[in-house]
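What follows is a set of notes on a single structure, which appears directly below.
The values are calculated or read from the model by the stated rules, or taken from the named source; none is laboratory data. What you see is a predicted model, and the numbers here were worked out from it, not measured in a lab. Virtual Cβ from ideal backbone geometry, glycine too; neighbours counted across all protein chains shown. Note: accessible area is taken over every heavy atom of the protein model, side chains too, but ligands, DNA and RNA are not part of it. Shrake-Rupley method; radii C 1.70, N 1.55, O 1.52, S 1.80 Å.
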Amino acid sequence: MFPNSILGRPPFTPNHQQHNNFFALSPTLYSHQQLIDAQFNFQNADLSRAVSLQQLTYGNVSPIQTSTSPLFRGRKRLSDEKNLPLDGKRQRFHSPHQEPTIVNHIVPLSGERRYSMPPLFHTHYVPDIVRCVPPFREIPILEPREITLPEAKDKLSQQILELFEACQQQVSDLKKKELCRTQLQREIQLLFPQSRLFLVGSSLNGFGTRSSDGDLCLVVKEEPVNQKTEARHILTLVHKHFCTRLSGYIERPQLIRAKVPIVKFRDKVSCVEFDLNVNNIVGIRNTFLLRTYAYLENRVRPLVLVIKKWASHHEINDASRGTLSSYSLVLMVLHYLQTLPEPILPSIQKIYPESFSPAIQLHLVHQAPCNVPPYLSKNESNLGDLLLGFLKYYATEFDWNSQMISVREAKAIPRPDGIEWRNKYICVEEPFDGTNTARAVHEKQKFDMIKDQFLKSWHRLKNKRDLNSILPLRAAILQR
């Protein structure tokens, strides 16, 4: 469904896809000694041999050849590159000869206000890793459907749509992120040749804004990676590479040793902030689950965007500070829409279990949204009523003490008795691995602040029916 350059998924030939899975790599792909070797080779500045691994082959295709000239090494081209054809030379973020990005209209432009479904794959695929992977023969896929945005007859609904149209992620925003992902994948493959870099999260799931950061997932193998040891070690090498080899293009790289460690950095050219993790594969799966929900019904995306903006304005949308992550907020909105007397959304995991199975190979997960037709709900509530109902549901109806939010089940279910769920203030089930996405809310003070904001905002909005009463519209639009 989506162009390869967006996903970072391996460009295999159809025959190879049928017999081999690129991501089914050996659990011992990168041994401890190999990681040590990679670190040692930094001192020699010989990145073409940073990790000494057996060459990867694709069926009868020749082994992958990694570039011997790092993309960001410097301004002066090496002498042996001067005679290369243009498309074989190193290319920079700002190069006028850069291959055009496959994403032509990922998000509608401001003039296309009546349609919100981006035509993601109407162009032909161009291999995004020069001299690193074998050519790919494109598989024809049907065009996606277009979704007309909902009508807004009342003032509050009009304000929500105005905010959505001003702040939704644009094609130019996604192209910047995709270009950076493509370039970084080339660089990281000099360290880990069999790895792939995925763009995930709000950039692809349909709920991104113009100011959304980019989330990247580095996949080195499909088996789980120990986040405390192996992932940290890999990210240490990536972080060092960013600091020593890419300092002219990347600034402020930081290694954050969290439960799921990440490298945070800023791309100087696009000015986009990125978070890069290792093998957080559930993030790839839920990106396309959420994307399916995003385009299943035309009220979903505007409602999610205004709620994310509202939560951010009231400082309850920051997991690093003990409040709700954007992912948890999105799941809370989907859950609310599933539990209305006349549901606006179903559980697509129940209706299409084969399309959203956790066992699906990673290079096939992008196809899942193709199999789900639009959902026709009998609920005709406008955006203003839905926003008000969302606030009321979590302020007065949902039982925080005994219930868990489950998008997978499309209902509130009793809390499990496991350790992860005990003494937790908010329980939001991750649809694939069943963990608690709201575990960051571990202080009663923060929990009370979240509940209090739901209640106050519900009362204000109910009385005034004006978005400015709970979210300054002009300021939110300026922030994008």
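For Arg232, the shell of other residues with beta-carbons less than 13 Å away shows a net charge of +3, using +1 for Lys and Arg and -1 for Asp and Glu.
With both bridge residues required to lie in region 155-478, what share of the DSSP beta bridges run antiparallel, to the nearest 5%?
The antiparallel fraction comes to roughly 75 percent.
Subtracting the Cα-Cα distance of Leu376 and Arg480 from 0.36 nm times their residue separation leaves 34.4 nm of extension gain.
You can think of it this way: the chain between Glu151 and Glu342 has 66.8 nm of extra reach, that is 0.36 nm per residue less the Cα-Cα gap. Taking a ≥ b ≥ c as the square roots of the eigenvalues of the alpha carbon gyration tensor, region 186-288 is oblate, as a/c is not under 1.5 and a/b does not beat b/c. Here the ratio of the Cα radius of gyration of region 155-478 to 2.2 N^0.38 Å is 1.00.
Exceedance of the 23 Å cut-off in Cα-Cα distance is limited, within the set Lys392/Lys444; Lys177/Lys350; Lys259/Lys392; Lys309/Lys451; Lys378/Lys464, to Lys177/Lys350; Lys259/Lys392; Lys378/Lys464.
Over all other residues within a Cβ to Cβ distance under 11 Å of Ala476, the charged ones net out to +3, with Lys and Arg as +1 and Asp and Glu as -1. Round to a whole number: what % of the accessible area of region 155-478 belongs to carbon and sulfur, probe 1.4 Å? Percent of accessible area from carbon and sulfur atoms in region 155-478: 50. Given their separation in residues at 0.36 nm each and the Cα-Cα distance between them, Asp318 and Arg465 gain 50.2 nm when the chain is fully extended.
I need the calculated FRET efficiency for the pair Glu273 and Glu223, taking r as the beta carbon distance and R₀ as 30 Å, to the nearest 0.05.
0.50
Spin-label model, Asp399/Asn423: points 7 Å from Cα along the beta carbon direction are separated by 2.3 nm.
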